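Student: Here it is, the structure in full.
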Amino acid sequence: GQRRIGFEQFERTLELVAEKTGGDLEVLREDVVAAHGPAFAGTQREKVRLHDDKSTYTGIHGSDGRHSIPVSDSTTTTGRRASRLSIDCEATNRSKSPASPSPSRERVKELFFQYDKNGDGTISIDELMPILQSVANMREADIRKMFRTMDKNGDGSIEIDEFVSWVFGRQSKQDARAKAALIPSDTSGLQLTFYKFCGPAATEMDGKSFTKLCKDCKLLGKQFSVTDADLVFSKVIVPGQRRIGFEQFERTLELVAEKTGADLEELREDIAAAHGPAFVGTQKENVRLHDDKSTYTGIHGSDGRHSVSSKSGGPRLGVDTMLAAAQTKGSRPTTPSTSASPSRASTPSLVPSRASQGSSSSSLLLDLFKGFCGMAHDIDGKGFAKLCKDCDLLDKAFTSTDADILFAKVVTKGQRRIGYNQFLDALKLVAEKKGVEVVDIERTLVVSSGPVLMATQPEKVRLHDDRSTYTGSRSLVGHRAP
């Protein structure tokens, strides 16, 4: 009445098979054990000569071990299984490397009090966010998710016991990335550099990122090419996977050092000193009819922009706001000199008196900054360059290229916009570059009228603009010539 047998009944079947075939029972048992399990065979594909006949391979395909001549079809299932087992074991052994020493609890507690900026005995999300964004290049959503994991009691802050428990507890891949930034196990910073090359949300490195690491760290050369980097990556990666972890990455460094003949410790220090990938944008080619401004004609050749110049009456924003602020704070606008441009002469200067300069200048400067930010609370590189241009800060000593370089110095690494405090730091660098005082730069900004907005000037239409030609009711109601 049964359809299945147990192991004891299976041994009885082997005795009957040996009796039926006339073979030795022990030999039969050894042959069954050597099979290591069932063989699964899929659909047999047809042979392709240029692919399957590896003796015809040339170049790198014929020289490395991945494209060696295959085992003959007469190889037994046992041989194929043993070969595959040895390959998996070799890959596993290669991926293993000595683990980095774990930090002591005293060291963890010491770092906890360093991250506690306000000294209240806890770490808030505002104290943790800038560290992980700037150092570990983590996204805000990932940081908040990790913070909720660390905050066991859910009170919105991390106590020292929760912090220590998180460091020595079970962690996810994102937690390992944050731990490399907060509690570095190696003093060189190699692990943190590895995570930065992985990307903002990744904890493992693919082949493309590894090649970029070799390029940015200047490892490529005659002894170690891009092809060698791909081969090294393929040697340490687990079969079936496309990414490697930090332990496998350390194994790649050993292979790179062996290939190039460099010292392993020096190689690790050079990579750690990179502090992350280098980002280079596409370089546009020069267009003669656009870049050679000596060929401009008409209004395009009369001013530096492709519209009516601000010095000929271009509209400006932020004037009413600055005037109201100056009148409220009691500052007295001064009359500009007669040598100023018409647009500057028509607008009173907003230089506050020395008595009220400390109170009103900062407010006016903040209003100017907000005017160039638009709807946002911070400003990007393009907006900062426009501010320098519209406020007449650009000259031979301080060019638009200097403005871009200066913006890159003050912006947080990985970010593209700066806040008001970073803007004030940028003004100090501008003053240093131009060789003047910071107060002079701030005064120049305050007397400006804000961002210049330029629109296309329409051509005149006689039948519309010349209202003396209007007839009928249009000439009587609301459309009469002035």
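The values are calculated or read from the model by the stated rules, or taken from the named source; none is laboratory data. These numbers were taken from a predicted model, which means no experiment stands behind them. No Cβ is skipped: glycine too gets one built from the backbone with ideal geometry, and neighbour counts run over all protein chains shown. To get the accessible areas, we keep the full protein, side chains included, count just its heavy atoms, and leave off ligands, DNA and RNA. Shrake-Rupley method; radii C 1.70, N 1.55, O 1.52, S 1.80 Å.
Student: If r is the Cβ-Cβ distance from A141 to R416 and R0 is 22 Å, what FRET efficiency results, to the nearest 0.05?
Tutor: E between A141 and R416, to the nearest 0.05, is 0.75.
Student: If you plug each phi of the range 19-27 into the Karplus form 6.51 cos²θ - 1.76 cosθ + 1.60 with θ = phi - 60°, what whole-Hz ³J(HN,Hα) values come out, in order, with x for Gly and Pro?
Tutor: So the J values, rounded to whole Hz, are 5, 6, 8, x, x, 7, 5, 5, 4.
Student: On a 31 Å Cα-Cα criterion, which of the cross-link pairs K117/K212; K196/K222; K145/K428; K284/K396; K196/K370 come out too long?
Tutor: Long pairs (Cα-Cα over 31 Å): K117/K212; K145/K428; K196/K370.
Student: What does the accessible area of C217 come to, in Å² to the nearest 10, when a probe of 1.4 Å is used?
Tutor: Around 20 Å² of this residue is reachable by solvent.
Student: For the pair D263 and R288, how long in nm is the line joining their label points, each one 7 Å along Cα→Cβ?
Tutor: Here the modelled spin labels are 5.5 nm apart.
Student: How much accessible surface area, in Å² rounded to 10, belongs to the heavy atoms of E8 with a 1.4 Å probe?
Tutor: 150 Å²
Student: Could you tell me the distance between the Cα centroids of the range 414-482 and the range 1-51, to the nearest Å?
Tutor: 88 Å
Student: Still on this model: Distance in nm between label sites at V438 and K152, each 7 Å beyond Cα in the beta-carbon direction?
Tutor: About 4.6 nm, to one decimal.
Student: Continuing with the same structure: Per 0.36 nm of contour for each residue apart, how much would the distance between F40 and Q241 grow if the chain were fully extended, relative to their Cα-Cα spacing?
Tutor: 70.2 nm
Student: Probe radius 1.4 Å, ligands and nucleic acids ignored: give me the carbon and sulfur share of the accessible area of the range 414-457 as a rounded percent.
Tutor: Percent of accessible area from carbon and sulfur atoms in the range 414-457: 48.
Student: Multiply the residue separation of S165 and Y296 by 0.36 nm, subtract the distance between their alpha-carbon atoms, and state the gained length in nm to one decimal.
Tutor: 40.3 nm
Student: Compute the length gained on full extension between R462 and K208: take 0.36 nm times their separation in residues and subtract their Cα-Cα distance, giving the result in nm to one decimal.
Tutor: Contour length minus Cα-Cα distance gives 85.1 nm.
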